[in-house]
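Visitor: Encoded as structure tokens, here's the structure I'll be asking about.
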Amino acid sequence: MEESRPLDALNHARNKIVMVDLKTGVRYVGKLKAFDIHINTVLDDAEEHYNGEIRRKLGTVFIRGDTITIISPA
Amino acid sequence: MEESRPLDALNHARNKIVMVDLKTGVRYVGKLKAFDIHINTVLDDAEEHYNGEIRRKLGTVFIRGDTITIISPA
Amino acid sequence: MEESRPLDALNHARNKIVMVDLKTGVRYVGKLKAFDIHINTVLDDAEEHYNGEIRRKLGTVFIRGDTITIISPA
Amino acid sequence: MEESRPLDALNHARNKIVMVDLKTGVRYVGKLKAFDIHINTVLDDAEEHYNGEIRRKLGTVFIRGDTITIISPA
Amino acid sequence: MEESRPLDALNHARNKIVMVDLKTGVRYVGKLKAFDIHINTVLDDAEEHYNGEIRRKLGTVFIRGDTITIISPA
Amino acid sequence: MEESRPLDALNHARNKIVMVDLKTGVRYVGKLKAFDIHINTVLDDAEEHYNGEIRRKLGTVFIRGDTITIISPA
Amino acid sequence: MEESRPLDALNHARNKIVMVDLKTGVRYVGKLKAFDIHINTVLDDAEEHYNGEIRRKLGTVFIRGDTITIISPA
């Protein structure tokens, strides 16, 4: 049995809706378009959530990896 | 006697239920599917806990390693 | 289909108006002139926003990458 | 006289009870099983302490090195 | 058309008056004399500002790069 | 005249009593036994101080370098 | 005209009285004896200041570079 690596899970989520939580408490929900080994991440059709409410609608958003705590399919 | 390394402990926990505590006080409990040398970690069937209560059920969750304080079999 | 990388999204935004959010809660809005792999970023005709209000107008601003959380077309 | 290095002190503590203090104020007490150059550390038969009280009993715990302030024989 | 890099913007500001904002909320205003790839920066004839007021006049000041958020011509 | 390097000062303090201040406000006072380039440090016969009072007596303590602000002969 | 580098400014300050401000708000004033590329710094005849008052007189003090915000001739 082959052991999977963490970035494989992100690869499976490409072009799917994911939520990305930041250390600041802000959450982005959008279509996962790209990521790299630093976990720098790009979402399309992204929404910014804070305290459980949508705060802004954004087109494309580049998220710097070191501010991210988790990424999970929505 | 052979000396063990920290990642060996994580290898033994593969496919078992673990809890992962973050610096933010959030805890994830789920099946350990993958990790790497940065301690980036993927759980399946994950639950998010906060202040001792389940806050969300997540399918798969990718956790960025640098936000993690501990990983322990549940 | 070719997989895109996060910095491609920033390349597409060159010479366009973007907003850059910092960990400190400050936001800069201006024309994206340059960035590098650390996400050090330069904006022209930049405005500094805080708590939803314009606080200062700046000409050119160099933003150190590690203080940035997101970059998004305005 | 040979100069000792910091990791030598941890090597002497292998299989002994140590306490590990985290930046978060949490303390783990258990048998030191493994550590690496990042000071990622594994304890067996670990207890979690907070504010001077035992909060949880854990079996094995993997502690990410960058959250640790000190390690000391109990 | 040649793409510019972030440090080019700092090079154009050499020997000009810039303001440097730190993560701590302190601001330094002075003549930009030197910087390196870590954004370690040296100002001459520098003033330290805090909460919008001049707090100290300094001759030369070396600013460690990782405390800087932005650098902008004054 | 030969220029000294910072670690030379620590070398001169070997086997002498030093105090080590952490970012958390905790201070350790003990005999300097070992240090490395990350400033990971080992003290013997160490005392833990907080708010100007001795809080605990420890035998040997390993201090992770990145939590240290200063080291000074006591 | 030759461009100067940030560490040149520190070299000019060797054996002179400098003040070193830390992220914690503590300031050290003393004679600059040594520094390295991490900005690890050693002062002699150092005083520790806090909130504008001298808090302690120290002989030699080693200051870990990553806690420093600025270094400036006193």
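The values are calculated or read from the model by the stated rules, or taken from the named source; none is laboratory data. Since this is a predicted model, take the numbers as computed values, not measurements. Backbone-built Cβ (ideal geometry, glycine too); neighbour counts: all protein chains shown. When the accessible area is computed, the model is the full protein with side chains, heavy atoms only, and any ligands, DNA or RNA have been set aside. Shrake-Rupley method; radii C 1.70, N 1.55, O 1.52, S 1.80 Å.
Visitor: How fast does the protein assembly as shown diffuse by Stokes-Einstein, in µm²/s, taking the Kirkwood radius from C-alpha pairs at 10 °C and 1.306 mPa s?
Guide: Numbers: Rh = 24.9 Å.
Result for D is 64 µm²/s.
Visitor: Which one of C:70, C:6, C:42 has its Cα pushed farthest toward the positive end of the charge dipole of segment C:6-73, where Lys and Arg give +1 and Asp and Glu give -1 at the Cβ?
Guide: Looking along the dipole axis, the top candidate is C:42.
Visitor: Using only the alpha-carbon atoms of segment D:1-41, report the extent along each of the three principal axes, biggest first, to the nearest angstrom.
Guide: 37, 21, 16
Visitor: Then there's this: Mind putting a number on the dipole of chain D about its Cα centre? Charges go on the C-beta only, +1 for Lys and Arg and -1 for Asp and Glu, and I need it in Debye to the nearest 20.
Guide: Roughly 260 debye, rounded to the nearest 20.
Visitor: Filter the trypsin sites (Lys or Arg not before Pro) in chain D down to the DSSP loop ones having no more than 16 other Cβ atoms within 10 Å, then list what survives. If you can, show how the numbers build up before the last one.
Guide: Values: sites: D:14, D:16, D:23, D:27, D:31, D:33, D:55, D:56, D:57, D:64; in loops: D:14, D:16, D:23, D:64.
Passing both the DSSP loop test and the Cβ count: D:14, D:16.
Visitor: What's the Cα-based Rg to Rh of segment E:6-68, Rh via Kirkwood?
Guide: Working: Rg = 10.9 Å, Rh = 11.6 Å.
Rounded to two decimals, Rg over Rh is 0.94.
Visitor: Separate question: Normalised by the number of residues in chain A, what is the relative contact order in percent for Cα pairs under 8 Å and 6+ residues apart? The partial results should precede the final answer.
Guide: On the way: 146 pairs, mean separation 22.8, N = 74.
Across chain A, relative contact order equals 31 percent.
Visitor: Magnitude of the Cβ-charge dipole of the protein assembly as shown, K/R +1 and D/E -1, about the Cα centre, nearest 20 debye?
Guide: Values: 77 positive and 77 negative charges, 211 e Å.
The dipole of the protein assembly as shown has a size of about 1020 debye.
Visitor: Between residue E:12 and residue F:47, with labels modelled 7 Å along Cα→Cβ, what's the label distance in nm to one decimal, could you check?
Guide: 5.9 nm
Visitor: Can you show me the helix-derived [θ] at 222 nm for chain D, built from DSSP H runs with n ≥ 4 at -39,500 (n - 2.57) apiece and divided by the number of residues, rounded to the nearest 500. Write out the running numbers ahead of the final one.
Guide: Values: 1 runs with 7 residues, N = 74.
Roughly -2500 deg cm²/dmol at 222 nm, from the helical runs in chain D.
Visitor: Ordered by residue, what ³J(HN,Hα) values in Hz, to whole numbers, does segment E:27-39 give under the Karplus form 6.51 cos²θ - 1.76 cosθ + 1.60, where θ = phi - 60° and Gly and Pro are x?
Guide: 10, 10, 10, x, 7, 6, 9, 7, 7, 9, 5, 7, 6
Visitor: Run the numbers on segment B:33-59: which residues show a drop of 40 Å² or more in accessible area, chain on its own versus all protein chains together, using a 1.4 Å probe over heavy atoms?
Guide: Going by heavy-atom accessible area, the residues of segment B:33-59 that drop by at least 40 Å² are B:39, B:56.
Visitor: Here's another thing I want to ask about it. Keeping every protein chain present and rolling a 1.4 Å probe, give me the accessible area per residue for segment G:6-73 in Å². Write down the numbers at each step before the final one.
Guide: Details: 2800 Å² over 68 residues.
Ligands and nucleic acids excluded, the result is 41 Å² per residue.
Visitor: Grab the residue from chain E whose Cβ hugs the E-to-C rotation axis most tightly, plus its distance in whole angstrom.
Guide: Here the value is E:66, 8.
Visitor: Can you pull out the buried accessible area for chains G and E, both sides counted, probe 1.4 Å, rounded to the nearest 100 Å²?
Guide: Summing both sides, the interface buries roughly 1600 Å².
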